[in-house]
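Reading through the structure tokens given below for one structure.
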Amino acid sequence: MRSYLGALQEHDESGAASLTTGSYADGDVWAADPPRIEDIEVSPAVPESTTGTAGEGYVEAVFVPVTFDLQGADETMPDGPTSWGYV
């Protein structure tokens with residue numbers, strides 16, 4: 001996760017895309033115009049249900065919680081400390 005966020009921060013679109021699934025990379029709006037991301041903390045992965053959640057359609061899934069300081073994303077994610085996560 002840290003590598004993916006770091007690739008976005010460095011404007012390395014192909015590097016970020018290589019660390020995701022194809023379907024996610026195709027719709028990743030941050031890859032084309034990444035915000036400033038600092039103070040990244042990645043927490044241990046936790047099992048994710050694969051029914052009725054973002055993990056649906058996968059045989060196995062985990063949720064990786066992250067926190068970071070975000071500046072310059074868009075109106076859907078305000079600037080400042082941000083709690084987020086990835087499946």
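The values are calculated or read from the model by the stated rules, or taken from the named source; none is laboratory data. All of these numbers come straight from a predicted model, not from anything done at the bench. Here the Cβ positions follow ideal geometry from the backbone for every residue, glycine too, while neighbour counts run over all protein chains shown.
A few notes on this one:
- Selection within the stretch 64-83 - part of a strand (DSSP E or B) and modelled with pLDDT of 90 or more: 64, 65, 66, 67, 68, 69, 80, 81, 82, 83
- If you filter the stretch 19-40 down to residues that are among the acidic types (Asp, Glu) and in contact with a helix residue (DSSP H, G or I) (Cβ under 9 Å, 6 or more places away or on another chain), you find that the one that is modelled with the highest pLDDT is 38.
- Residue match in the stretch 44-51 (condition: part of a strand (DSSP E or B) and under 16 Å from the mean Cα position of the chain (by Cα)): yes
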